[in-house]
Structure formats: C-alpha cells, structure tokens
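Participant: Below is the structure I would like to discuss, written out as structure tokens.
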Amino acid sequence: MVTAGFDVAIVGLGPTGAVLATVLGEAGIRTVVYERDPAPYSQPRACHLDAEIARLLARHGLADELPSLLTVSAGMEYVDRPGGRRLFTFEGFEREPLLGWHEDYVFIQPELETALRRRVAEFRHVTIRWCEAPPLDALRAEARFVVGCDGASSAVRRAAGIGFTDLGYDEPWLVVDLDLHAEPDPPLPPIIQQVCDPRRLATFVPGHAAHRRWEFLLAEGEDPDPWTLLGEWGIGPQHGTLVRAVKYRFHALVADRWREGDVFVAGDAAHMMPPFMGQGLCSGMRDAENLGWKLVEVLGGGDPALLETYQAERKPHTEDVIRLSVEAGRTLARLAADPTDLPTPSAPDPTRWSRLPGLPLGEFPLGHQVPQPDHLDDRLSPWCWVAADDGFVAPDGRPVVVEPRATYGHRAVLVRPDRTIAALAD
C-alpha cells in the first residue's frame, strides 16, 4: 500500500501534462510533476486547436487569456499550386459555434504553454520538480498513480513495457516557421492550404499574430534551402525572420495499452499522428481531461473500474482521428496525381460542431460534447442533467440545469465533468 505523500505523479509538463495537472489541482488532488525544462520549449510546434479544446482551456481557468492567445482560423482548402486554385475542401461551409467557440483556431505553442504553466503554479496541492523524473519504481513508491506525459520517446511507456502499433503512414517533411514582417505581393493566403503540386506537396498555415508556417514533402536524404522553397510563395529574407527550418518524419502510431496497472500514458506518449488535421495537441489534451476527472473520482472513493474506461474511450477515438489525419494527408497525393479525383466532402449538419467523431458511448449524441449556448459551462456542476424544460426531475438526484438549446431534442441529457453527454432521458 502506498504511504507516500502524493496521489498522482505526472512525468512531463507539456500541454498534456499541464492540463492534467490543472484538472487534478482544481480538485485538490496531491500531485507531483516532474519536468526537466523550467521554461517551455521555445520553438512553435503545434499551431492549431479546435472548439472543444478552446472550451476545455476556458473551463480550466484560461478564459480571460484566450482572446490574446488565439486567432480564428478560416478553415482549410486543397489547391493546385502555392497560393493557387482551390480543388477541394472537406467543409465548404461555416459551422455554427455549437460549443461556444469557433471550430478552429491557430496559436503559438510557447505562449499557450506559458499560460498553462502559470495556471498549474496556482495550485498548492501541485508540486513541480524541475528535474529528470526518477525511475518508474521510484515514482510508483511516491504516488498511487503515475501518468507518462513525457512525449513520443516516453521513458514511462518504455519502463511499463508498453509498445506502439504502427498504422503504416510516415513521410519525411521540412517544417519552416517564419515571423512575417511584410506581406509579399500578392499577399499570402488567409486560409490553411494543402498544396497538391506534383512537383512537391506542401502545407501552408497562416498562424497567430505574425507566425506563418510551411511544411514541404522531402525526398529521402534531401536537404533543400528553406529560402528557395519559400521563394515560390514570393517570400524572401526581406519579408520576415526565419524562426526554424527542421526536418522531421511524421508517424501514425498508437500505444498498444494506455494503462499498465497503476501507470498510464497520455499525449504523444500514447499516440502520434500526421499533422494534416492539426489534432496532435488536441488529442493529448483530450487524454488529460478524460483521465483527469476519472482519477479525481476514483481518488475520492469512486469505483476503480472507472479507470478502465480511459483506454476504452480514448484509444478508439484517437485511432479514428488518426484515420482522418491520414485521409487528409493522402488526399494531397491523390489530387496531385489527378485533380478531378475528389473525395466526398462533408455535408452541412447543424447538430455537429466538426467532422471529428465522438467517444464510443453509443448513438449520437452520446459521447459528444453538450452544446454551450450563452456560456452554459458557467452554470454546470461536474455531473448534471441539462433539461429541455423545468418539469424534468433527475432520476438520480443530480442537479438539473434548464437549457433546451443544449439537449439535441431530448427531454434531458446527462453531462459528465468533461462536458461529454453520458446518458439521455426522454
């Protein structure tokens, strides 16, 4: 039996670890976090998040900071050349902000991580140790549960004997980040572009503030000059400052198990995915939120079997998101080979906030986020019913909030701490 002073040990204070530490800190859970770097990684990596993640961040104390950290994204299109003609878009329409936030945003990761770390530092029950984490056996002796949020090369995952399943999609790309000082003529596109040019596939992201990102497919062993590649977009040194130009290989990988006894993995320690849907960071934060509230309940005396639902919910959802990301990536090569070979686009659906699937809890809207009209989250307790009328009486005695715009036509929906719909009443 653990007699040490912590309930949870987290390894890694990147976005996933910081969200998990925040969820636990808000609940007063005794938590220790190990992180080697006192300052967030200085280079921008992830640059996109969606409405569900904006909602999550706002709910966990960053609502006042988000307007300065985020820029609404105008969506994504496939084009035939740099800044060229639109060939296709999965969503040729604008969705209603069902979750209280726009569907997509861009941001600068070091700025967001700084805000997250400030939030974590507010909790007296959360201890941060700026050092290498001890071996897994020592972590297990120190805390009842251990969570590896320590990235793709996770020492926690390896020590727990958890392997990866390779979903068979990896390519070498060059990522180029620029701080733009002056627009070229013609100006850069205001929308994310996937460039289906047979000469070289590429991605362009108009980021937050002055940040602009390009990614270019590489031939094996190729080492091109980034300014030469940017020249096709009319960009030269006179237009901005090169922040980084880094070769990398993306992967589509999922951990075989997300739990080994009292050890869990989350974020990049549990999965890696291609960048074409911008869902890597989002998926890690979903992991943290999902595992976090379940740890809170179990540590508060709830049924330990609840923790078994972490992998059961998050692993298939992540695999579905990876499949969407792979489809989005392979569409570049598909349209480069034949610009008329168009995939099937999404149809407008007023009940869906995005193309992403829900958690595997049953038929829609089970497993999906409850809508959020008029800052509904401010009125919700961790578990509560949202009802269509004030005559609804909760069958389990939980609180009831009346908001007919958030029930998807049902008499009431039961909402979990992560704002997922868990049950219906008619």
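Participant: Neighbouring Cβ atoms within 10 Å as the yardstick, rank V254, V19, V321 fewest first.
Facilitator: Details: V254 18, V19 29, V321 21.
Ascending Cβ contact count within 10 Å gives the list V254, V321, V19.
Participant: Hey, in the GNM for the chain with a 10 angstrom Cα cutoff, which one of Q43, Q193, Q279 fluctuates hardest?
Facilitator: Judging by the Gaussian network model, the answer is Q43.
Participant: According to the square roots a ≥ b ≥ c of the eigenvalues of the Cα gyration tensor, what is the shape class of region 373-425, taking rounded for a/c under 1.5, prolate for a/b larger than b/c otherwise, and oblate for the remainder?
Facilitator: The shape class here is rounded.
Participant: Just V246, V156, V195 to compare: in a GNM of the chain, with alpha carbon springs under 10 Å, which one fluctuates most?
Facilitator: V246
Participant: If you don't mind, another one. Using the Kyte-Doolittle scale, find the helices of the chain whose mean hydropathy is at least -0.5 and whose Cα atoms extend 30 Å or more along the helix's long axis, counting only whole DSSP H runs. Intermediate results must be reported in sequence, preceding the final value.
Facilitator: On the way: long enough: 308-337 (44 Å, -0.63).
For the chain, where a helix must reach 30 Å along its axis and average at least -0.5, there are no hits.
Participant: Could you give the Stokes-Einstein D for the chain in µm² per second, using the C-alpha Kirkwood radius, 4 °C, 1.567 mPa s?
Facilitator: Working: Rh = 22.6 Å.
Calculated translational D: 57 µm²/s.
Participant: Sticking with this structure for a sec: How much of the DSSP beta bridge set in region 373-425 is antiparallel, as a percent to the nearest 5?
Facilitator: Roughly 75 percent of the DSSP beta bridges within region 373-425 come out antiparallel.
Participant: Contact order normalised by length for the chain, with contacts defined as Cα pairs under 8 Å and 6 or more residues apart; what percent is it? Before the final figure, lay out the partial values.
Facilitator: On the way: 862 pairs, mean separation 80.1, N = 426.
Here the relative contact order equals 19 percent.
Participant: Once the dipole of region 373-425 is set up with Lys and Arg at +1 and Asp and Glu at -1 on Cβ about the Cα centre, which of V401, A425, W383 lies farthest towards its positive end?
Facilitator: Among V401, A425, W383, the one farthest towards the positive end of the dipole of region 373-425 is A425.
Participant: 5 Å is the cut-off here: which amide hydrogens, built 1.01 Å from N in the peptide plane, fall below it relative to D80, excluding neighbours closer than 5 in sequence?
Facilitator: R85, L87, C196
Participant: Rounded, prolate or oblate: which one fits region 47-184, using the alpha carbon gyration tensor with axes a ≥ b ≥ c (rounded when a/c is under 1.5, else prolate when a/b beats b/c, else oblate)? Write down the numbers at each step before the final one.
Facilitator: Details: a/c = 2.16, a/b = 1.52, b/c = 1.42.
Prolate, since a/c reaches 1.5 and a/b exceeds b/c.
Participant: Now a separate question. Under a point-charge model restricted to the Cβ atoms of Lys and Arg (+1) and Asp and Glu (-1), what is the dipole moment magnitude of the chain relative to its Cα centre, in debye to the nearest 20?
Facilitator: On the way: 42 positive and 62 negative charges, 109 e Å.
Its charge dipole is roughly 520 debye.
Participant: Which ordering of R314, R244 is given by a fewest-first count of other beta-carbon atoms within 10 Å?
Facilitator: With the fewest neighbours first, R314, R244 line up as R244, R314.
Participant: Follow-up question, since we're still on this one. Which listed residue (A58, V146, V205) has the Cα farthest towards the positive end of the charge dipole for the chain, taking +1 on Lys and Arg C-beta and -1 on Asp and Glu C-beta about the Cα centre?
Facilitator: V146
Participant: If you don't mind, there's one more thing I want to ask. Output wanted: per-residue J couplings in Hz (rounded whole) for region 198-208, from phi through Karplus 6.51 cos²θ - 1.76 cosθ + 1.60, θ = phi - 60°, x for Gly and Pro.
Facilitator: x, 6, 6, 6, 7, 10, 10, 10, x, x, 5
Participant: A further question on this structure: With both bridge residues required to lie in region 317-426, what share of the DSSP beta bridges run antiparallel, to the nearest 5%? Walk me through the numbers before you get to the answer.
Facilitator: Numbers: 9 of 12 bridges.
Among the beta bridges of region 317-426, antiparallel pairing accounts for roughly 75 percent.
Participant: Tabulate in residue order the Karplus-calculated ³J(HN,Hα) for region 359-364, using 6.51 cos²θ - 1.76 cosθ + 1.60 with θ = phi - 60°, rounded to whole Hz; enter x for Gly and Pro.
Facilitator: Per residue, the Karplus-derived 3J(HN,Hα) values read 6, x, 10, x, 5, 3 Hz.
Participant: A follow-up question, please. Summing -39500 (n - 2.57) over the DSSP H runs of n ≥ 4 in the chain and dividing by its residue number, what mean residue ellipticity at 222 nm do you reach, to the nearest 500 deg cm²/dmol? Working shown, then result.
Facilitator: Working: 9 runs with 103 residues, N = 426.
Roughly -7500 deg cm²/dmol at 222 nm, from the helical runs in the chain.
Participant: Antiparallel as a % of all DSSP beta bridges within the chain, to the nearest 5?
Facilitator: Working: 50 of 73 bridges.
Antiparallel: roughly 70 percent of the beta bridges in the chain.
Participant: Continuing with the same structure: Report ³J(HN,Hα) in whole Hz for each residue of region 271-279, in order, from the Karplus equation J = 6.51 cos²θ - 1.76 cosθ + 1.60 where θ = phi - 60°; Gly and Pro get x.
Facilitator: Each residue's phi maps through the Karplus curve to give 6, 9, 9, x, x, 6, 10, x, 10 Hz.
Taken together, the values in this text are just the output of simple stated rules run on the coordinates, not laboratory data. Keep in mind that what you see is a predicted model, and the values were worked out from it rather than measured. We place every Cβ from the backbone using ideal geometry, glycine too, and count neighbours over all the protein chains shown.
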